[in-house]
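All remarks here apply to the structure that follows.
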Amino acid sequence: MTINIINKSQHALPNYETVASAGMDLRANLIEPVTLEPLGRTVVKTGLFIELPIGYEAQVRPRSGLAFKNGITVLNSPGTVDADYRGEIGVILVNLSDKAFVIQNGERIAQLIIAKHERADWIEVKELSETSRGEGGFGSTGVK
């Protein structure tokens with residue numbers, strides 16, 4: 001699959017780090033470093049603009065190392081870039097740690113995954129089919 005992209009950053013295009021990688025790393029496109037205080041959140045721009053085909057989305061997801069080592073994650077994970085969006089890709093980051101974190105220009109801050117999706121048409125009914133699970137949710141199947 002090919003996707004049209006405009007890169008207004010000074011960084012290379014996102015790429016897959018390994019042959020089996022599902023996501024491509026997004027880099028911060030900053031004029032100066034940004035300090036993210038504990039429990040603070042900010043939008044970090046990437047300088048990237050994409051044109052996805054209809055039927056696809058780009059999912060913005062956290063980087064596991066950044067989350068585990070520093071408590072930095074994508075707040076609306078996964079964030080969705082729709083096929084008709086033509087603005088700059090921004091990443092909403094939140095600091096869930098107890099220490100300030102400095103985001104540097106070019107730092108890998110999130111990953112982008114291209115995914116096919118379906119569109120649904122609703123059929124309004126009076127009742128749904130029964131299952132063994134029924135209305136059980138939010139941990140109803142246990143933890144072990």
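The numbers here are math on the coordinates, done by the rules we state, and not lab data. What you are looking at is a predicted structure, and each value in this text was computed from that prediction instead of being measured. Here Cβ is always computed from backbone atoms with ideal geometry, including for glycine, and neighbour counts include all displayed protein chains.
General remarks:
- Residue 39 fulfils the conditions (1) buried (at least 18 other Cβ atoms within 10 Å of the Cβ); (2) at positive phi; (3) of a type in the set (A, V, I, L, M) except for a single criterion, (1).
- If you go through segment 51-69 and keep only what is closer than 20 Å to residue 93 by Cα and not charged (D, E, K, R), you end up with 58, 59, 60, 62, 64, 65, 66, 67, 68.
- The one condition in (1) buried (at least 16 other Cβ atoms within 10 Å of the Cβ); (2) assigned to a loop (DSSP other than H, G, I, E, B); (3) in contact with an Asp or Glu (Cβ under 8 Å, 6 or more places away or on another chain) that residue 114 fails to fulfil: (2)
- Residues (under 16 Å from the mean Cα position of the chain (by Cα) and of a type in the set (Ser, Thr, Tyr)) located in segment 1-41: 16, 21
- Within segment 1-34, the set of residues being of a type in the set (S, T, N, Q), more than 19 Å from residue 113 (Cβ to Cβ) and surrounded by 12 or more Cβ atoms within 10 Å (Cβ to Cβ) comprises 9, 29.
- Pairs where the first residue, in segment 113-131, is under 30 Å from residue 91 (Cβ atoms) and the second is of a type in the set (Asp, Glu), C-beta under 6 Å, 6+ apart: 115/57; 117/57
- Of all residues making up segment 31-66, the number that are hydrophobic (A, V, I, L, M, F, W, C) and over 17 Å from residue 87 (Cα atoms): 5
- If you go through segment 64-84 and keep only what is over 10 Å from the mean Cα position of the chain (by Cα) and either among the charged types (D, E, K, R) or closer than 21 Å to residue 15 by Cα (or both), you end up with 64, 65, 66, 67, 69, 82, 83, 84.
- Cβ separations smaller than 8 Å between residues 6+ apart or across chains give the following pairs from segment 46-61 residues that are touching a residue at least 24 places away in the same chain (Cβ under 8 Å) and under 16 Å from residue 25 (Cα atoms) to residues that are acidic (Asp, Glu) and surrounded by 16 or more Cβ atoms within 10 Å (Cβ to Cβ): 46/88; 47/88; 48/88; 49/88.
- A residue that is out of contact with any strand residue (DSSP E or B) (no Cβ under 6 Å at 6 or more places or on another chain), within 17 Å of residue 114 (Cβ to Cβ) and of a type in the set (A, V, I, L, M, F, W, C) occurs nowhere in segment 68-82.
- Segment 67-98 - residue that is touching a Gly at 6+ places or on another chain (Cβ under 8 Å) and under 15 Å from residue 41 (Cβ atoms) and, of those, surrounded by the most Cβ atoms within 10 Å (Cβ to Cβ): 91
- When residue 73 is tested against the conditions (1) in contact (Cβ under 8 Å) with a residue 40 or more places away in the chain; (2) in contact with a helix residue (DSSP H, G or I) (Cβ under 8 Å, 6 or more places away or on another chain), the lone failure is (1).
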